[in-house]
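For reference, the structure is listed below as structure tokens.
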Amino acid sequence: MPGDKAQLLSAQALRTESSPINYLMALAFERPDAISLAAGFVDNESLPVTEMLACCREMLSDPAAARAALQYGTTQGHRPLRERLIRRLVDREGPAGEGMALDADHVVLTSGSQQMLFLICSVLLDPDDIVLLPRPAYFVFMDTLRVFGARTLGIDMDAEGLRADHLDRRLTELDRAGELGRVKFLYVCSYCDNPTGLTLSASRRRELMEVVARWRRRQQFYVLEDAAYRDLVYDAQTVIPSLKSLDRGNASVIYLETFSKPLAPGLKTGYGILPTSLVAPVLDQKGSHDFGSANLCQHLICRLLDSGRADEHLRQLHAAYRPKRDALLGALDREMSGLAGVSWTRPLGGLYVWLTLPTRINTDLDGPLFKRCLDKGVLYVPGSACYQGEPGFDAPRNHIRLSFGVPTPDENREGVRRLAQALREEMA
Ligand SMILES: Cc1ncc(COP(=O)(O)O)c(C=O)c1O
């Protein structure tokens with residue numbers, strides 16, 4: 001009963017809601033016959049079983065190494081791994097990596113990057129503080145922001161990602177309203193975004209950071225760069241320097257990555273590379289959370305990286321995902337190009353494609369299109385799950401997030417065929 005709940009639970013717990021995604025996940029289990037273009041899981045077949053077995057064998061057959069891994073570690077995480085992660089970051093930046101003012105002391109390993117998202121909120125946010133968020137945005141993080149009672153303001157996106165001009169306008173409006181001081185950070189998913197699949201273009205990265213630098217002279221706030229899908233840019237030769245590489249003094253960008261996508265979600269290990277000012281507050285929070293994430297996983301990941309197995313695995317992963325993405329995009333081209341008002345993104349990698357339908361089509365879970373899709377045996381994430389309620393903004397209901405990582409290429413094609421059929425019926 002709500003009354004009982006209110007008596008015992010904290011305001012924070014009462015602000016926390018169950019995500020519509022839980023329903024979708026339950027539905028995928030109930031309907032094993034349906035093709036799920038909804039789940040953001042990674043491809044099961046390509047999980048690194050042999051690579052992991054080899055690393056476990058090596059580690060556990062060396063008693064000293066085994067004991068070190070089986071013992072508690074530090075709150076900040078395994079130092080050799082943190083050192084390697086800095087070298088790895090700098091290598092992937094290309095020329096932009098030169099002179100980045102970073103070292104292992106700026107890295108904090110966490111239980112998935114989700115824990116770092118939570119910790120960042122807990123060190124920066126009081127209720128009613130403002131977070132600037134892409135429209136649309138990663139829905140789990142929107143739930144996290146709700147836990148902390150943050151006010152979210154949306155920044156629009158276009159084909160190049162988050163719009164710098166809209167960010168500038170938002171900050172101007174907040175300044176006029178005397179609320180600039182409440183802005184704590186701007187969240188950006190900078191590579192193969194969840195949910196749109198878009199990667200911020202190089203010029204947009206520079207524009208965004210110019211706007212940020214200009215406003216930060218007036219009022220300090222951070223950029224939270226979520227690079228969860230950076231390793232899943234399928235063309236590994238494409239160098240796209242991070243927003244972090246544009247933060248020369250390591251003062252403004254909080255950089256996040258995870259091993260869930262490029263290695264295995266079961267490791268539930270991620271990390272943040274933090275501005276110097278945030279390292280101690282984050283470590284203090286983490287100390288009271290769990291005083292360190294699973295040490296065994298960190299030692300294993302370090303071996304996977306040191307031995308070159310992680311990079312080899314990444315090449316295989318790209319080879320597994322590329323045909324899935326291409327199958328989905330090819331099917332969209334075939335099935336939907338002729339449909340007026342229908343368009344979709346063409347991601348460089350990652351797991352998602354964002355589909356836009358005519359505004360009169362409602363894609364919600366309780367809408368007619370979802371029901372038709374369920375009847376035909378295909379599941380998707382309604383786009384409205386990726387928009388936060390915001391005064392003066394009517395969240396669109398005509399988008400869909402499609403995820404191509406789990407189904408085979410054939411299933412991706414068949415899923416789109418069913419979806420297109422449902423859509424044609426709905427449009428007629
Ligand atoms: C954009 C984004 N950030 C962060 C995460 C968190 O992942 P994990 O906690 O497994 O590292 C996810 C998971 O899907 C994600 O899509």
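The values are calculated or read from the model by the stated rules, or taken from the named source; none is laboratory data. Bear in mind that the values here come from a model prediction, so they are computed numbers and not experimental data. Neighbour counts run over all protein chains shown; Cβ positions are idealised from the backbone, glycine included. Ligands, DNA and RNA are excluded from the accessible area calculation, which covers all protein heavy atoms including side chains. Shrake-Rupley method; radii C 1.70, N 1.55, O 1.52, S 1.80 Å.
Rounded to the nearest 5, what % of DSSP beta bridges with both residues in the chain are antiparallel?
Values: 21 of 41 bridges.
The answer is about 50 percent antiparallel.
Sparsely packed loop sites in the range 1-74 (the GluC sites (Glu not before Pro) outside DSSP H, G, I, E and B with at most 16 other Cβ atoms within 10 Å) comprise Glu17, Glu45.
Pulled fully out, how much extra length does the chain show between Tyr23 and Ala68, if you take 0.36 nm times their separation in residues and subtract their Cα-Cα distance? Before the final figure, lay out the partial values.
Working: separation 45, 0.36 × 45 = 16.20 nm, distance 4.10 nm.
Result for the pair: 12.1 nm of gain on full extension.
Computed over the range 90-135, the alpha-carbon pair-distance distribution with 10 angstrom bins reads 19, 32, 38, 11, 0, each value a whole percent.
Seen from all directions on average, the range 1-108 presents a Cα convex hull projection of 13.7 nm².
With all protein chains present, how much of the accessible area of the chain (probe radius 1.4 Å) comes from carbon and sulfur, to the nearest whole percent?
Details: 9550 of 18010 Å².
The nonpolar share, carbon plus sulfur, comes to 53 percent.
Does the range 336-421 classify as rounded, prolate or oblate by the C-alpha gyration tensor (a ≥ b ≥ c root eigenvalues; a/c under 1.5 gives rounded; else a/b over b/c gives prolate, otherwise oblate)? The shape class here is prolate.
Quickly rank 255-263, 321-329 as a protection proxy: mean count of other C-beta atoms within 10 Å, highest first. Provide the component values of the computation, followed by the final result.
On the way: 255-263: 24.2, 321-329: 19.6.
Most protected by this proxy first, the peptides run 255-263, 321-329.
For the pair Asp375 and Asp311, the difference between a 0.36 nm per residue extended length and the Cα-Cα distance amounts to 18.9 nm.
Ordered by solvent-accessible area of protein heavy atoms (1.4 Å probe), largest first, the residues Leu339, Leu379 come out as Leu339, Leu379. For the range 13-72, the list of chymotrypsin sites (Phe, Trp or Tyr not before Pro) that fall in a loop by DSSP and count at most 13 other C-beta atoms within 10 angstrom reads Tyr72. Throw me the Rg/Rh for the range 222-362, computed over C-alpha atoms with Kirkwood Rh, two decimals. Taking Rh as the inverse mean 1/r over Cα pairs, Rg/Rh reads 1.06.
GNM on the chain, alpha-carbon springs under 10 angstrom: the most fluctuating residue among Pro382, Pro391, Pro241 is Pro391. Heavy-atom accessible surface of the range 50-309, averaged per residue, reaches 38 Å², computed with a 1.4 Å probe. Which of Leu70, Leu296, Leu283 moves the most in a Gaussian network model of the chain with Cα springs under 10 Å? Comparing Leu70, Leu296, Leu283 in a Gaussian network model of the chain, the most mobile one is Leu70. About its Cα centre, the dipole of the chain is roughly 260 debye, where the only charges are +1 on Lys and Arg Cβ and -1 on Asp and Glu Cβ.
Stretched out straight at 0.36 nm per residue, the stretch from Ala101 to Val49 would grow longer than its current Cα-Cα span by 15.1 nm. Across all directions, the average projected area of the convex hull around the alpha carbons of the range 280-428 is 13.3 nm². Rg over Rh for the range 50-309 works out to 0.98, using Cα positions for both radii and the Kirkwood form for Rh.
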